[in-house]
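Quick notes on the structure that follows.
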Amino acid sequence: MPTVLITGGTGMIGTALSRHLLSEGYNVIILSRNPRETAVQHDLGTERRIFRSSGNLFYSRWDIDKMSIDPTALKEADYVIHLAGAGVADKRWTESRKKEILESRTRSSALLLKCLQNNPNKVKAVISASAIGWYGPDNGKVFTEGDPAANDFLGQTCLAWENSIQHIAELGKRLVKLRLGIVLSNDGGALKEFKKPLALGVAAILGDGKQMTSWIHIDDLCRGFLFAIENREMEGVYNLSAPEPVDNKTLTLTLAQKRNGKAFIPVNVPSSFLKLALGEMSVEILKSATVSSQKIQQAGFNFIYPNIKSAIYNLSN
């Protein structure tokens, strides 16, 4: 039974991905700064370094500040999924927060590279998260994987992020970088924020609502990571985003109609208010980003939720 080692495995994406991998018969080891506190205290092996949580889910230690990963966990791993990074939308983008967002990604990548170089391991492939924040405003263009990174904060962060993990390919490991669309899940993230005004009967359309959103259902995201693990021909960069991007107005009204029926009032939230409330982060909310999924589809991946209606209706059940 193959073992997948996950960095950043305790967040929304990592939790869903762990469940999916376990359901498909994989062992999962999640790296944590406090594995004893996270897991039920049953050890695997005599060194008490890997702690069982339940079934085939385990936790082990890493410490980015000390640049260390438990070599026992690394030795067990057949694959690595690299998700680690501070949440982009969790806090206002102060200069210190932007530094944290960038360094949480590049330093964790450097740690992973160092430990794979210096410790015996059987890791066949590393699947690293990236994001469609790589791309700038589309201006009517459909972005593909060959387009350059935007010259803005998220674009340059994604560039540094992908560059920081690229050296793993030099170790002879298969490396796949998945640029994730906006993730739709009932357990947090963007969808939770979209739902909040609907509790008051308001469908909050951001700005003029014409900006395109490239998104992905959490189930398709999990399937995409597993697909990258199991498809040995995959290497390099792939957009993991639904094949039918949607404008913000359509997304908001689809969610409102499913959740509230006709009992809601559409309201456009002015761009000026969003800029005042969110600062620099508002650029990303108001940016139109149309991203192609053709490359990963040509590799053989099929989306269960290709359009926003199918995704919203599933997540609203």
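Scanning the range 212-236 for residues that are surrounded by fewer than 19 Cβ atoms within 10 Å (Cβ to Cβ) and not in a helix (DSSP H, G or I) turns up ASN231, ARG232, GLU233, GLU235, GLY236.
Quick grid of which residues meet (1) modelled with pLDDT under 95; (2) touching a Pro at 6+ places or on another chain (Cβ under 7 Å); (3) of a type in the set (S, T, N, Q):
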position	(1), (2), (3)
ASP247	no, no, no
ARG259	yes, no, no
LEU276	yes, no, no
GLU280	yes, no, no
THR290	no, yes, yes
ILE308	no, no, no
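LEU159 meets the conditions (1) modelled with pLDDT under 95; (2) under 16 Å from THR106 (Cα atoms) in every case but one. The failed one is (1). Of all residues in the range 260-279, those being within 21 Å of LEU198 (Cα to Cα), surrounded by fewer than 16 Cβ atoms within 10 Å (Cβ to Cβ) and either free of Cβ contacts under 8 Å to residues at least 40 places away in the same chain or β-branched (Val, Ile, Thr) (or both) number 6. Scanning the range 280-306 for residues that are among the polar types (S, T, N, Q) and surrounded by fewer than 16 Cβ atoms within 10 Å (Cβ to Cβ) yields GLN294, GLN297, GLN298, ASN302.
I'm checking my understanding of the structure. Among residues of the range 76-109 that are acidic (Asp, Glu) and assigned to a loop (DSSP other than H, G, I, E, B), which one is nearest to GLY133 (Cα to Cα)? Steps first, answer last, please.
Our first condition is that a residue be acidic (Asp, Glu); within the range 76-109, this holds for 76, 78, 90, 95, 100, 103.
After this cut, where a residue has to be assigned to a loop (DSSP other than H, G, I, E, B) as well, the list is 78, 90.
On the way: ASP78: 29, ASP90: 15 Å.
Per the stated criteria, the residue is ASP90.
Residues of the range 237-259 that are in a helix (DSSP H, G or I), in contact with a strand residue (DSSP E or B) (Cβ under 8 Å, 6 or more places away or on another chain) and either without any contact (Cβ under 8 Å) to a residue 12 or more places away in the chain or over 27 Å from ARG19 (Cβ atoms) (or both): ASN248, LYS249, THR252, LEU253, ALA256. Is it the case that VAL183 is among the β-branched types (Val, Ile, Thr), touching a strand residue (DSSP E or B) at 6+ places or on another chain (Cβ under 8 Å), over 17 Å from SER316 (Cβ atoms) and not in a loop (DSSP other than H, G, I, E, B)? So VAL183 does not fit the description; no. Taking first residues from the range 14-39 that are assigned to a strand (DSSP E or B) and partners that are among the acidic types (Asp, Glu) and modelled with pLDDT of 85 or more, the Cβ contacts under 7 Å between residues at least 6 apart in sequence or on separate chains come to ILE29/GLU76.
The values are calculated or read from the model by the stated rules, or taken from the named source; none is laboratory data. The structure displayed is predicted, hence computed values, not measured ones. Every residue, glycine among them, receives a Cβ derived from its backbone with ideal geometry; neighbour counts consider all protein chains shown.
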